[in-house]
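The next block holds one structure in the form of structure tokens; read it before the comments.
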Amino acid sequence: DGAPLFASLPGDIAVSFEFFPPKTERMEQQLWEAVEKLAPLSPEFVSVTYGAGGSTRERTHATVARIITDAQLPAAAHLTCVEASKDEIRQVAEQYWEAGVRHIVALRGDPTTPGGRFQPHPQGHASAAELVQALKAIAPFEISVAAYPEIHPEAHSAQSDMDNLKRKLDAGADRAITQFFFRPEAFLSFRDRLAAAGIDTPLVPGILPVSNVAQTRKFAALCGADIPAWMDHLFEGLDERPAERKLVAATIAAEFCRRLYAGGVRDFHFYTLNRADLSYAICHMLGRRPLARAAQEQAA
Ligand code: FAD
């Protein structure tokens, strides 16, 4: 009947949203607007990142605690091994448990100097797999770890990177969330390779809705994500046209997620960069709508 492909999507998906801890009052305000806008979509969880070298330790903690108490959403705290001894990690984890945080995104982290090589703290954990093992011994946290459809830049090979992911899952991680990527096939073939290797832990694509391709390119270079030429082409000439750029961004991101959905994906993790609009619009296009309060309470 000429309806767009999106019209038939029933919204049978689970979503989660990632935020970063705000530095200023203005950013704090922006974060809360985003949290409040996205909360009615009933995310499985929202997560808060951990800055390089633990620089945001207090701010991450405060943000996670406030999301749990004020927004009443299940919140996960990211935690890295960078510049932290095992004792310090234990302290941070125990504080989280006491504050009611039950979910940690366990990461190795990157060196504080961009481009440098990760050096473990002399009394610290050398990898995310070690961190997962340590956290599980501290408390029965739910744990998510990172996965790389286009291979982590330091990995020797695709196989060694997959072996490392398997170590993290064997250490007790409950889910893997991927680095962002822009070719749906990169995720779908990675998922199929994991399944063929007998790995059946949930793998959730990390979705970065791009509205600034130049900024994304800088970021992508650091984490090994490939930006296809067509993306540059679609944003070409829009540098000074933010409104049009946003329309293009939403179109690209919605089509990207629709293709993942068509490939069988039902879980989506959004890198929101503390802005709700693009993530909200994509969820809407996938058929996800705010649950009425009564239905939410009944589900709870
Ligand atoms: P690991 O799983 O330890 O892997 C690191 C590298 O070492 C890989 O190349 C792996 O293949 C290799 N490796 C590990 N063990 C072995 C071994 N025994 N033998 C051979 N090779 C091995 N960073 C932050 O600072 N703060 C955040 O909040 C944050 N959140 C993130 C969230 C998500 C969903 C993702 C995908 C990434 C996030 N990052 C964050 C970035 C992450 O810290 C970096 O990508 C980092 O470089 C790797 O972390 P990891 O947990 O994947 O490390």
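The values are calculated or read from the model by the stated rules, or taken from the named source; none is laboratory data. Since the structure is predicted, the reported quantities are computational estimates derived from the model, not experimental observations. Neighbour counts are summed over all protein chains in view; Cβ atoms, including those assigned to glycine, are modelled from backbone coordinates with ideal geometry.
Just one of the listed residues (VAL64, VAL101, VAL82) is of a type outside the set (Phe, Trp, Tyr), modelled with pLDDT under 95 and buried (at least 16 other Cβ atoms within 10 Å of the Cβ), namely VAL82.
Within the range 91-105, the set of residues being in contact (Cβ under 8 Å) with a residue 24 or more places away in the chain and under 14 Å from ARG57 (Cβ atoms) comprises VAL92, ALA93, GLU94, GLN95, TYR96, ALA99, VAL101, ILE104.
Of all residues in the range 88-110, which are away from the ligand (no atom under 12 Å from the Cβ), under 26 Å from GLN30 (Cβ atoms) and of a type in the set (Gly, Ala, Ser)? Scanning the range 88-110 gives ALA99, GLY100.
Counting just the residues of the range 136-156 that are in contact with a strand residue (DSSP E or B) (Cβ under 6 Å, 6 or more places away or on another chain) and either free of Cβ contacts under 8 Å to residues at least 60 places away in the same chain or of a type in the set (A, V, I, L, M) (or both), which one comes out farthest from the ligand (Cβ to nearest atom)? This residue is PHE141.
Yes or no: the range 69-87 includes at least one residue that is more than 12 Å from the ligand (Cβ to nearest atom) and either under 26 Å from ALA155 (Cα atoms) or among the aromatic types (Phe, Trp, Tyr) (or both). So far as the range 69-87 goes, yes, one or more of its residues are more than 12 Å from the ligand (Cβ to nearest atom) and either under 26 Å from ALA155 (Cα atoms) or among the aromatic types (Phe, Trp, Tyr) (or both). Among the residues of the range 164-192, those identified as of a type outside the set (S, T, N, Q) and exposed (fewer than 14 other Cβ atoms within 10 Å of the Cβ) are ASP170, GLU185, ASP192.
Just checking, how many residues over the range 36-52 are within 16 Å of the ligand (Cβ to nearest atom), touching a Leu at 6+ places or on another chain (Cβ under 8 Å) and more than 13 Å from ALA62 (Cβ to Cβ)? Don't jump to the end; show me each part of the working.
Our first condition is that a residue be within 16 Å of the ligand (Cβ to nearest atom); within the range 36-52, this holds for 43-52.
Now restrict to residues that are touching a Leu at 6+ places or on another chain (Cβ under 8 Å): 43, 45-46, 50.
Going one step further and asking which of them are more than 13 Å from ALA62 (Cβ to Cβ), we end up with 43, 45-46.
Counting residues in the range 36-52 that are within 16 Å of the ligand (Cβ to nearest atom), touching a Leu at 6+ places or on another chain (Cβ under 8 Å) and more than 13 Å from ALA62 (Cβ to Cβ) gives 3.
Considered as a group, the residues in the range 111-130 that are in contact with a helix residue (DSSP H, G or I) (Cβ under 7 Å, 6 or more places away or on another chain) and at pLDDT 95 or above include one that is farthest from the ligand (Cβ to nearest atom), and that residue is GLN123.
Take ASP192 and tell me if it is modelled with pLDDT under 95 and not hydrophobic (A, V, I, L, M, F, W, C). Before you say what the answer is, go through the steps one by one.
On the way: modelled with pLDDT under 95: no; not hydrophobic (A, V, I, L, M, F, W, C): yes.
No.
When we screen ARG108, ARG90 for residues that are in contact with a strand residue (DSSP E or B) (Cβ under 8 Å, 6 or more places away or on another chain) and at pLDDT 95 or above, the only hit is ARG108.
Return the only residue of GLU33, GLU58 being assigned to a helix (DSSP H, G or I), away from the ligand (no atom under 16 Å from the Cβ) and surrounded by fewer than 20 Cβ atoms within 10 Å (Cβ to Cβ).
Working: GLU58 fails: away from the ligand (no atom under 16 Å from the Cβ).
Testing whether each residue is assigned to a helix (DSSP H, G or I), away from the ligand (no atom under 16 Å from the Cβ) and surrounded by fewer than 20 Cβ atoms within 10 Å (Cβ to Cβ) leaves just GLU33.
Of everything listed in (1) in contact (Cβ under 8 Å) with a residue 12 or more places away in the chain; (2) surrounded by fewer than 18 Cβ atoms within 10 Å (Cβ to Cβ), the single unmet condition for GLN159 is (1). Within the range 173-220, the set of residues being more than 14 Å from the chain's Cα centre (by Cα) and small (Gly, Ala, Ser) comprises ALA173, ALA186, SER189, ALA195, ALA196, ALA197, GLY198, SER211, ALA214, ALA220. Quick one: would you say ALA14 is more than 12 Å from the ligand (Cβ to nearest atom) and crowded, with 17+ Cβ neighbours inside 10 Å? Considered against the rule, which asks whether it is more than 12 Å from the ligand (Cβ to nearest atom) and crowded, with 17+ Cβ neighbours inside 10 Å, ALA14 comes out as no. Within the range 36-55, the residues that satisfy the criterion of being over 30 Å from TYR261 (Cβ atoms) and surrounded by fewer than 19 Cβ atoms within 10 Å (Cβ to Cβ) are GLY51, ALA52, GLY53, SER55.
Note on the range 11-30: residues that are among the small types (Gly, Ala, Ser) and not in a loop (DSSP other than H, G, I, E, B) total 2.
How many residues are among the charged types (D, E, K, R) and within 17 Å of ILE207 (Cβ to Cβ) if we restrict to the range 217-241? Quick ask: steps written out before the conclusion?
Start the filter on the range 217-241 by keeping residues that are among the charged types (D, E, K, R), which leaves 217-218, 226, 232, 236, 239-241.
Pick out the ones that are also within 17 Å of ILE207 (Cβ to Cβ) and you get 226.
Counting residues in the range 217-241 that are among the charged types (D, E, K, R) and within 17 Å of ILE207 (Cβ to Cβ) gives 1.
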